[in-house]
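This report concerns only the one structure given below.
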Amino acid sequence: MEALDKFLSDFLKVMSAEARKEFKRYCLDPLFSLMHAKLETTLLTAATYFWDPQLHVFRFNYEELCPTMEEFCALYGVSPAGPFILPTPRSSYLTSFSNFFGISQQKVSILVKDHMVNLMEIATSFLAHDSKGTLNFTLTTQRALAFCLIGRFLISTGTLYVPIQICELIPFLLEHNNLIPMVLAETLNSLDKVHDNPQAPLGGSPILLQMWLLEMLNFLSPTTINPYKPQHYCCRRVELPGQFSLREWLGYFQTLSWRNIKWFVFIWGCKEQILLRTSGCAMVKLIGLRSTSFYWTSRILRQMGAMQTIPTPVVFDHSVEPVGPTMIKWA
């Protein structure tokens, strides 16, 4: 992953101002700054131990939190109003991938294995520039950069291999459709997998999850910037209580109380300066790339500025379902 990050960083350095301006059409430019943020991997790993895969909340001591769609949208700097990007379930995405990059089926068979593609191979195949640093920013180059950024920082598997159907999401970005609900779904589903297998890599968007976690736990220096945008995150100091080991972080999280949590973050209100409320809706269902996810609004009302008593334990009818045509039609 470090080699890919360096490759992408070097590539962005040779992009001209005109190329960067043109690439803004893909609504991925917040990643130009966020990709340089340091991941606090020990903190993230410790937090996954406190994830409840049934209720989809982090439970620190007696406090329950879960990132909401509105909060992730605010962190990324987009409106939560939609329209949202939904996947198109198919038996095969090979033709879409071939047409997207304008390559032959033979080339596709080399790049794609079991409908997964290596991001490093995409980067080295399509993000080339000559020895003088001259970059021909063609449509294929733009698409490859968008594919790599999404696969690395938004819909990640925690490895170099990502699903090829990411290529079908990118045209919707040009229409200013919102990808973030899907990003949140992939992140929550990855937390479920890590809970079941602590050795599994954290996917979805670890950087957005970390931004959310650091803000909620008051680990970021205050900001007076208005309006606040994603690129300002890297200008703030991360003020952790110490250079904790995993065991020390686990101990810290077990002693958290409501006083340690910033329940309502003013700068996350987007332009409306208040988080949208999903009133009258017990469960928010999110559509991921291949399966759904969810969170319960009744358990996170304090994050939306409302009074709350944690509900008594009940058996919820919940599940993560495969995304198929029926689910897409419902959405």
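The values are calculated or read from the model by the stated rules, or taken from the named source; none is laboratory data. Quantities reported herein were computed from a predicted structural model and do not represent experimental measurements. For neighbour counting, all protein chains shown are included, and Cβ atoms are generated from backbone atoms with ideal geometry for every residue, glycine included. With ligands, DNA and RNA removed, areas are computed over all heavy atoms of the protein, side chains included. Shrake-Rupley method; radii C 1.70, N 1.55, O 1.52, S 1.80 Å.
Observations on the model:
- Flag if Asn218 is surrounded by fewer than 23 Cβ atoms within 10 Å (Cβ to Cβ), farther than 22 Å from Arg302 by Cβ, polar (S, T, N, Q) and in contact (Cβ under 8 Å) with a residue 24 or more places away in the chain: no
- In a residue-by-residue description of region 189-204, the property of being among the basic types (Lys, Arg) and farther than 30 Å from Val57 by Cβ applies to no position.
- Close contacts from region 9-20, counting a first residue that is open to solvent by 20 Å² or more (accessible area, probe 1.4 Å) and a second that is among the acidic types (Asp, Glu), with Cβ to Cβ under 9 Å and a gap of 6+ residues or different chains, come to Arg20/Asp29.
- Consider region 1-23 and keep the residues that are outside any helix (DSSP H, G or I) and among the hydrophobic types (A, V, I, L, M, F, W, C). The one that is farthest from Phe126 (Cα to Cα) is Met1.
This table checks each residue for (1) in contact with a helix residue (DSSP H, G or I) (Cβ under 8 Å, 6 or more places away or on another chain); (2) farther than 17 Å from Ile207 by Cα; (3) open to solvent by 40 Å² or more (accessible area, probe 1.4 Å); (4) in a loop (DSSP other than H, G, I, E, B).
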{"position": "Leu39", "(1), (2), (3), (4)": "yes, no, yes, yes"}
{"position": "Ser79", "(1), (2), (3), (4)": "yes, yes, yes, yes"}
{"position": "Pro89", "(1), (2), (3), (4)": "yes, yes, yes, yes"}
{"position": "Phe100", "(1), (2), (3), (4)": "yes, yes, no, no"}
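- Residue check, Pro30 crowded, with 18+ Cβ neighbours inside 10 Å and touching a Gly at 6+ places or on another chain (Cβ under 6 Å): yes
- Flag if Ala74 is part of a helix (DSSP H, G or I) and in contact with a strand residue (DSSP E or B) (Cβ under 9 Å, 6 or more places away or on another chain): no
- The residues on offer are Leu184, Leu208, and the sole one that is farther than 17 Å from Asp52 by Cα, of a type outside the set (D, E, K, R) and in contact with a Leu (Cβ under 8 Å, 6 or more places away or on another chain) is Leu208.
- The helices (runs of 4 or more DSSP H) found entirely in region 164-267 that carry 1 or more residues being touching a strand residue (DSSP E or B) at 6+ places or on another chain (Cβ under 6 Å) are 180-196, 206-216, 246-254.
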